[in-house]
Amino acid sequence: MTLTNDIISGEQKGFCPVSGCVDYTGLLLNIIENFGQNNHELYLVFLDYFNAYRLVDHQQLIQVIEALGFPQVIIDFLTNTLRELLYVVHTGYGPMQPITLVTGLKQGDPSSPVLFIIFIEALIRALKKIMQGISV
């Protein structure tokens, strides 16, 4: 099982050996130009991933990983890792009770980009399913 061939759709260009952003920008410009020349209506959707790591729900992430067929050892590891995300706020009176996070990926953690891409894969697959039978 490889991440880029077996798990991640071709629509995602992260972790691929090609310059995905440049390729997709060129493709988008060609589509816009083509539609403009042929006087066709064009509708585009852009997703803003600003601050997106904090929105990843841990339980949903585990469900996505299970649905994608990851080995149980990886599912168990990630479940335990995400379960142990705790923060302790220190005040002038001492530390407060630990706060368990149920959403969010750690900023700066090397696994966070990969986990986010896997999490987004569920959205891409759902959109592709909805779009079946619609000609573009």
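The values are calculated or read from the model by the stated rules, or taken from the named source; none is laboratory data. These numbers were taken from a predicted model, which means no experiment stands behind them. Counting neighbours? That spans all protein chains shown, and the Cβs are built from the backbone with ideal geometry, glycine included. The accessibility values were calculated without ligands, DNA or RNA, using every heavy atom of the protein model including side chains. Shrake-Rupley method; radii C 1.70, N 1.55, O 1.52, S 1.80 Å.
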* Structure fact -> Expected output for the range 84-110 (first residue touching a residue at least 40 places away in the same chain (Cβ under 8 Å), partner part of a strand (DSSP E or B), Cβ below 6 Å, 6+ apart or cross-chain) is Thr103/Asp57
* Asked: Within the range 25-46, can you find the residues that are open to solvent by 100 Å² or more (accessible area, probe 1.4 Å), part of a loop (DSSP other than H, G, I, E, B) and not hydroxyl-bearing (Ser, Thr, Tyr)?
  -> Asn39, His40, Glu41, Val45, Phe46
* Has the range 69-84 got at least one residue that is open to solvent by 100 Å² or more (accessible area, probe 1.4 Å), within 18 Å of Ile120 (Cβ to Cβ) and not in a loop (DSSP other than H, G, I, E, B)? -> no
* Structure fact -> Flagged in the range 67-96 as under 24 Å from Ile118 (Cβ atoms) and small (Gly, Ala, Ser), in numbering order, are Ala67, Gly69
* To do: For Ile99, state whether it is surrounded by 10 or more Cβ atoms within 10 Å (Cβ to Cβ), closer than 19 Å to Ile7 by Cα and modelled with pLDDT of 85 or more.
  => no
* To do: Output the number of the condition that Ser9 fails; it satisfies all remaining conditions of (1) open to solvent by less than 60 Å² (accessible area, probe 1.4 Å); (2) at pLDDT 75 or above; (3) in a helix (DSSP H, G or I).
  => (3)
* Asked: Does Gly133 satisfy the condition of being at pLDDT below 85 and over 22 Å from Ala52 (Cβ atoms)?
  -> yes
* Asked: Across the range 52-68, which residue is most open to solvent (accessible area, probe 1.4 Å) among those that are free of Cβ contacts under 8 Å to residues at least 60 places away in the same chain and aliphatic (A, V, I, L, M)?
  -> Leu55
* Would you confirm whether any residue within the range 106-124 is exposed (fewer than 11 other Cβ atoms within 10 Å of the Cβ) and closer than 30 Å to Ile31 by Cα? => no
* Any chance you could count how many residues in the range 47-68 are hydrophobic (A, V, I, L, M, F, W, C) and not in a helix (DSSP H, G or I)? => 4
* Structure fact -> Within the range 88-136, residues being assigned to a loop (DSSP other than H, G, I, E, B) and closer than 11 Å to Val56 by Cβ number 5
